[in-house]
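To start, the structure itself, in C-alpha cells.
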Amino acid sequence: MTAPRPPTTAPRLRVICVMGPTGTGKSDLAVAAALRLGGEVVNADSMQVYRGLAIGTAAPGPDQLAAVPHHLFGCLDPDEEPDAGWYARTAAAAIRDLASRGRVPIVVGGTFFWMRALFSGLDDIPEVPAGVRDSVRADLAREGPAALHARLAAIDPETASRLRPGDSQRVSRAIEVLLATGRPLSSFQLGGGRPAIDADVLRVAVELPRAALYARIEARVDRMIAAGIEDEVRAVLDAGHSPDCRPLRASSLAPVVRRVRGEIGAAGMRAAVAQSHRTYAKRQETWLRREEGLVRVDARDPEGALGVMAAPVSGGG
C-alpha cells in the first residue's frame, strides 16, 4: 500500500522592498532587479502617485517605464489625497496580482510610513469629516505652518516631534485626526493592525555617504529644471488644479509654484527645491537608522545590491 503523500503547502509570497533616501537611485535599482528576477515595480512614494508631475516628483522616466511594467505611478489627480490605508489596500491588490502571474513584486519608494502600513499594519483611523478638513486648511492659510505646528506640539507632542514645521500637509493631517477622533495621530500608528498583505519581505536599504548623496541631489535638481519643472507645474495649475492641492503644497514643489506665479526668481526657486530635497533625505536617513531587519547596500555598488536581492528569490521558499 502506498503511503499517503504529506500535504503540500504553497510557498509564501516573497516581496522585495527597495528603500532609501531620495536621490540614491532606487528607481534604477528596482528596474534592474525586475529585469533580472522577472519582476514588476510597485510604487511606494506618496508624491509619485500623482499624474502630471513626473519631473517634479522624480518619477520613473520613459526608458524605465518601457523596460518593465510599473504600478501605482501617476494614477491619481493632484486634487486627490490618498492616505496610508488607501495605499496599503491598493498596493496589496497589485502585489497579489503580480504573484498570481508568477511575477516578483519589487516595491520601491521613500514613503516608509506607507510601507509600514502595507507590511506591518496600522490601526484604522476613522474618516475625517470634510468640515474638519476645511477648518484646519483655513487655519493654515490664516496662521501659517509654524503656528499650526506649534498647536500640534501642544496637543500631540509625539507626532509633532517627527514633523518639520514646514510640513504643512502632515501637520494638518495630524490636527484633523485629533479634532475628528479625540485621539492623537500617534496613537493610531503603533502598528497594531493587521498587515495588508502576508508575505516574506526582503527590505533593502540603499545608502550613500552624506556628501555623495547631497551631490546627487544637487545634480538631480539641475536636471529637473532643465527638463522643464516650471512648465510642468504651470500645466497643472492651468488645468485648474489649486496651488493648495496636496502635491503642490509639498516643500519640494511649493517654490516652483511661487516661481511660476512670479513671486521668486529662478535662483531662489532652485535653492529652495534643493534644500527641501536635502532636508527630506536627512529625515529619511534618520527613519532608516531606527529600522531593524534591513539589508543595507551601497548605492555605488548596484551589482552587489542585485546579488542580495536575487539570493532569496532563487533560493525558493
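Just a few scattered comments:
- Cβ-derived FRET efficiency at R0 22 Å, Ala227 paired with Leu76, nearest 0.05: 0.55
- Burial ordering of Leu213, Leu76, fewest other beta-carbon atoms within 10 Å first: Leu76, Leu213
- Placing +1 on the Cβ of every Lys and Arg and -1 on the Cβ of every Asp and Glu, with no other charges, gives the chain a dipole of roughly 560 debye about its Cα centre.
- GNM result for the chain, Cα springs below 10 Å: residue of Gly52, Gly182, Gly144 fluctuating most strongly: Gly182
- Around the amide H of Arg296, modelled in the peptide plane, lie the amide H atoms of Ala205, all under 5 Å away and 5 or more residues distant in sequence or on another chain.
- Of Thr111, Gln48, Gly20, farthest towards positive along the dipole that unit charges on Lys, Arg, Asp, Glu beta carbons give the chain: Gly20
- What the Cβ-Cβ distance of Arg164 and Glu218 gives, at R0 = 22 Å and to the nearest 0.05, is a FRET efficiency of 0.60.
- Choice from Ala227, Ala58, Ala117 with maximal GNM fluctuation in the chain (Cα, 10 Å cutoff): Ala227
Only the coordinates and a few stated rules stand behind these numbers; no lab work does. Keep in mind the model is a prediction, meaning the values are calculated, not measured. Ideal geometry is used to build each Cβ from the backbone, glycine not excepted, and the neighbour counts take in all protein chains shown.
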